[in-house]
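The values are calculated or read from the model by the stated rules, or taken from the named source; none is laboratory data. Everything quoted here is computed from the prediction, not taken from an experiment. Cβ placement follows ideal geometry from the backbone for every residue including glycine, while neighbour counts extend to all protein chains displayed. Surface accessibility is based on the protein's heavy atoms, side chains included, excluding ligands, DNA and RNA. Shrake-Rupley method; radii C 1.70, N 1.55, O 1.52, S 1.80 Å.
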Amino acid sequence: MKNLSKCCAFLIAALALGCSQASAEKRVALVIGNGAYAHKAELANPPHDAEDVAAALKRTDFEVILATNLGQTDMQDAVIRFSRAAKNADVAIFYYSGHAMQFNGVNYLMPVDAKLDDEADLKRFARVDDIMSDLQQAKNLRILVLDSCRDNPFTESLKRSARGLSLRQGLSKVDAPLGTIVSFSTQAGQTADDGQGRNSPYSAAFVKHIEQPKEIGEVFRDISADVYATSSKTQLPELSLSIVGKFYLNGPVSITVTAPAQAAPGDPCSSAETHWKAAEAIGTVAAYEDHLARFPACTFASLAKARIDGLKQKTARVSPTDGPSNPKTGAGKFDGEWDVNIACPPAGKASAYARYVMAIVRDGVLQAELLTPGTPAWLLITGKIGADGKASLLAKGLTGDPANTTNRAKSGSPYAFTVDAQFDGSSGTGKRNELRRCDLKFAKR
């Protein structure tokens, strides 16, 4: 009888802006396979999945921490060890096979001694948001793979204690940081076959393709296609690409962002819509140029050209002067282009999310704008940076996904908040003041 318990995988690979290094100097990975559950049905494949994935990553020059059937304490220790290793890594991968669940919009990984009488016991589980934070320490490429179940094995326990909260199957949607690949082993709300052999369908495909000498985005498309084919077209993975430039775990050193001379077999525009959504989320000239290079004759090509022209015109209007800063006021000290990354952890009913926007500082005045005014998810940040680097910024915009708001506001609803920031040379940090916590990181180009 097929085991439908272990059923989903999503993968997040956050790449640095521009063309990534073809070969990283240091690669680290934590691979966990949990199957021997004490209070729920055991899963046969996760330890095998973890062993095979670890072997494949070792052959791809990763320093691998392999652990199976971890209880709460051992799982925390493994994650702490990995967090320390990721600080000095160019590439970091976290791979998990086993039970997982979501509650109130937050995703959790289950140690084998997991017991859940009510939602308070979730504090004993590993939060995916915390794993993501650890991964962000790596310099060039960060990958999160969850090959885990979409059904909630503790549904009945939570129904008795959740007091009316809506319980959903599977994992909650994750808004990945800039330059990411998000891959689910099956569509949202669906279950996936655990497989009848040594590995789950997704893990088997991952091991088969991860060592291929191809660009990382192509590798993940091949993984998805393999799962779909081997499941007789019953398990359709979801794949979302948000990449600027190319990265190879194995393969050529040379890096390009141009379209290939000959179109690949099949429909060359089949992935255009998915890639366009990622380009819109990033909202930079480089992202739109990448889309135009990949899909020059597809639906969104004209719109990409318009976005590029608009952003270049806006940059020309506010581009910083070449002259020196005012020695008395310090105006111009921070002038130039800045990358702004905004990360908001879960807050109440609001899901975690992350956004990126490019800012221009001229004469000490910062201005950053993402998307077009009047459209959902539009964002504008403005404010003066003092000579000492202190700044009080005003952010305003229109909401995007209602799940990312504390009151489930409909898409396109106006909002505003202030940010206290501190700039120092070529970097800076900031914190949102109102309603919910958000952390901002500034990096000068």
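With every protein chain left in place and a probe of 1.4 Å, what is the accessible surface of Lys312, to the nearest 10 Å²?
Spelled out: Lys312, probe radius 1.4 Å, area about 110 Å².
Just the number please: accessible area per residue for the range 336-436, 1.4 Å probe, all protein chains included, in Å².
Accessible area per residue, the range 336-436: 44 Å².
Relative contact order for the range 332-445 using alpha-carbon pairs under 8 Å, separation at least 6, rounded to a whole percent?
Answer for the range 332-445 is 26 percent.
Taking only the alpha-carbon positions of the range 393-434 and ignoring solvent, what does the Debye formula give for the base-10 log of I(q)/I(0) at q = 0.21, 0.23, 0.32 Å⁻¹?
-0.72, -0.79, -1.04
Size of the range 339-445 along its principal axes in angstrom, Cα-based, largest extent first?
Rounded to whole Å, the extents work out to 39, 26, 20 Å.
If the label point is 7 Å along Cα→Cβ of Thr406, which residues in the range 337-366 have backbone nitrogen under 15 Å from it?
In the range 337-366, the label zone of Thr406 (backbone N under 15 Å from the point 7 Å along Cα→Cβ) covers 344-353.
Leaving ligands, DNA and RNA out of it, rank Leu66, Leu393 by accessible area with a 1.4 Å probe, largest first.
Leu66, Leu393
Within 11 Å, Cβ to Cβ, of Thr73, how many net charges do the neighbouring residues add up to if Lys/Arg are +1 and Asp/Glu are -1?
Its environment carries a net charge of -2.
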